[in-house]
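*Asks:* Dropping a structure here in structure tokens format, bear with me for questions.
The values are calculated or read from the model by the stated rules, or taken from the named source; none is laboratory data. Note that the structure is predicted; figures quoted are calculated from it, not measured. Cβ placement follows ideal geometry from the backbone for every residue including glycine, while neighbour counts extend to all protein chains displayed.
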Amino acid sequence: MIAPDPARHTSRLDVWSRPLAATAAALAFALAGCAATQDVQVQRETEQTFAPSAIVEVLSQTPSQPFVRIAVLDAQAPAGTPLAQVLAQLQAKAGALGANAIVVQNLSTQESGSLQYNPSGGEFTTSPALIVPHLKGIAIRVGK
């Protein structure tokens with residue numbers, strides 16, 4: 001009996017694993033692109049510059065301590081994008097501008113779902129209502 005050459009031997013799993021891995025990677029990149037937010041719009045309010053901040057606190061109202069208004073930021077994203085993703089993008093932009101806090105206002109809206117009739121199957125299908133994220137924030141530098 002002749003032993004098989006290990007260099008030429010491939011299992012069924014080996015034959016499918018490479019194309020499957022490449023397809024999975026391409027799908028992951030495509031789906032990541034679907035949830036991407038739009039660019040954050042920046043309207044500077046001071047010519048003063050600050051070193052970038054790694055930590056940006058999220059506030060619902062202006063603080064009682066003295067602060068400098070750096071910029072007004074506005075970010076929107078496609079329906080269904082997680083609000084946390086849009087907020088993280090606002091925080092990153094504020095931090096790059098040197099803000100250590102951002103006062104956020106949620107201007108998101110809800111896109112209504114729909115009811116559609118499928119004549120070939122005689123059934124109704126529904127699509128859920130989705131949130132259209134829209135956040136506006138004031139990037140500020142609290143303290144000295």
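*Asks:* Of the residues that make up segment 106-127, is at least one outside any loop (DSSP other than H, G, I, E, B) and closer than 18 Å to VAL58 by Cβ?
*Replies:* Taking segment 106-127 and keeping what is outside any loop (DSSP other than H, G, I, E, B), we get 106, 109-111, 114-118, 123-127.
Then drop every residue that is not closer than 18 Å to VAL58 by Cβ, which leaves 106.
Yes; the residues of segment 106-127 include at least one that is outside any loop (DSSP other than H, G, I, E, B) and closer than 18 Å to VAL58 by Cβ.
*Asks:* Answer with yes or no whether LEU73 is touching a residue at least 24 places away in the same chain (Cβ under 8 Å) and outside any strand (DSSP E or B). Walk me through how you get there before you give the answer.
*Replies:* Working: touching a residue at least 24 places away in the same chain (Cβ under 8 Å): yes; outside any strand (DSSP E or B): no.
So LEU73 does not fit the description; no.
*Asks:* OK, next. Surrounded by 14 or more Cβ atoms within 10 Å (Cβ to Cβ) and modelled with pLDDT of 95 or more: is that true of GLN105 in this structure? Don't jump to the end; show me each part of the working.
*Replies:* Numbers: surrounded by 14 or more Cβ atoms within 10 Å (Cβ to Cβ): no; modelled with pLDDT of 95 or more: yes.
In short, no.
*Asks:* Right, another one. Checking PRO52 against (1) under 24 Å from LEU130 (Cβ atoms); (2) assigned to a loop (DSSP other than H, G, I, E, B); (3) more than 14 Å from the chain's Cα centre (by Cα), which single condition isn't satisfied?
*Replies:* Just one mismatch for PRO52, condition (1).
*Asks:* Against the conditions (1) under 30 Å from ALA54 (Cβ atoms); (2) surrounded by 11 or more Cβ atoms within 10 Å (Cβ to Cβ); (3) free of Cβ contacts under 8 Å to residues at least 40 places away in the same chain, where does ALA84 fall short? Just the number, please.
*Replies:* (2)
*Asks:* Is it the case, given these coordinates, that VAL86 is at pLDDT 95 or above and β-branched (Val, Ile, Thr)?
*Replies:* Values: at pLDDT 95 or above: yes; β-branched (Val, Ile, Thr): yes.
Yes.
*Asks:* Condition (residue is over 26 Å from GLN61 (Cα atoms) and within 20 Å of the chain's Cα centre (by Cα)) applied to segment 87-105: is it met by at least one residue? Don't jump to the end; show me each part of the working.
*Replies:* Let us first name the residues in segment 87-105 that are over 26 Å from GLN61 (Cα atoms), namely none.
Scanning segment 87-105, I find no residue that is over 26 Å from GLN61 (Cα atoms) and within 20 Å of the chain's Cα centre (by Cα), so the answer is no.
*Asks:* Keeping to segment 128-144, report how many residues are surrounded by 19 or more Cβ atoms within 10 Å (Cβ to Cβ) and in a strand (DSSP E or B).
*Replies:* 6
*Asks:* Quick one: GLY80 ticks every box in (1) on the phi < 0 side of the Ramachandran plot; (2) under 11 Å from the mean Cα position of the chain (by Cα) bar one, so which box is it?
*Replies:* Going through the list (1) on the phi < 0 side of the Ramachandran plot; (2) under 11 Å from the mean Cα position of the chain (by Cα), GLY80 breaks only (1).
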